[in-house]
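To start, the structure under review is shown below, and the notes come after it.
The values are calculated or read from the model by the stated rules, or taken from the named source; none is laboratory data. Because the structure is predicted, anything quoted here is derived from the model rather than measured. Here the Cβ positions follow ideal geometry from the backbone for every residue, glycine too, while neighbour counts run over all protein chains shown.
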Amino acid sequence: MSYFISAEAEFSSAHHLRDYPGKCASLHGHNWKVRLTVRTDSLDERGMGLDFGALKRILAALVARFDHVDLNRVPPFDQINPTAENLARTVFELAAAELPQGIAPDRVELWESEKNRVEYRAE
């Protein structure tokens, strides 16, 4: 039996897509929304898998590095294309390094607009 715990955060940033044959090759911005869902198979002595406050703090610290910046100038996007897919995977990987033992990222959902969303999941 597993528990899935989620928190959401928002941030704003600019980017442009390299080698893209359309308008997104020009510098533009998004008001991103990200949902991080983590998984655990156990609860602590309080009956919690991970406190929502702790998860929100972890997520806020992760996305702070992407807030109000040009993503193309921030690692790893100075080397890889700052697509929504790559951004979701990067948040997932950063979360994996910050979560307490016994807690693992399950998925990251990332919206670049109300209608456009990408999801990156653990396999």
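Annotations
- Residues in the stretch 68-78 include at least one that is aromatic (F, W, Y), surrounded by 18 or more Cβ atoms within 10 Å (Cβ to Cβ) and in contact (Cβ under 8 Å) with a residue 12 or more places away in the chain.
- The single condition from (1) without any contact (Cβ under 8 Å) to a residue 60 or more places away in the chain; (2) within 25 Å of A61 (Cα to Cα) that L36 fails is (1).
- Being under 18 Å from W111 (Cβ atoms) and among the acidic types (D, E) is not true of E45.
- E93 vs. criteria modelled with pLDDT of 95 or more, crowded, with 18+ Cβ neighbours inside 10 Å and among the acidic types (D, E): no
- Inter-residue pairs, beta-carbon under 8 Å, first among the aliphatic types (A, V, I, L, M) and in the stretch 81-108, second surrounded by fewer than 16 Cβ atoms within 10 Å (Cβ to Cβ) and assigned to a helix (DSSP H, G or I), 6+ apart: A104/A96
- Here Q101 passes the criteria (1) modelled with pLDDT of 95 or more; (2) under 27 Å from E123 (Cβ atoms) except the one numbered (1).
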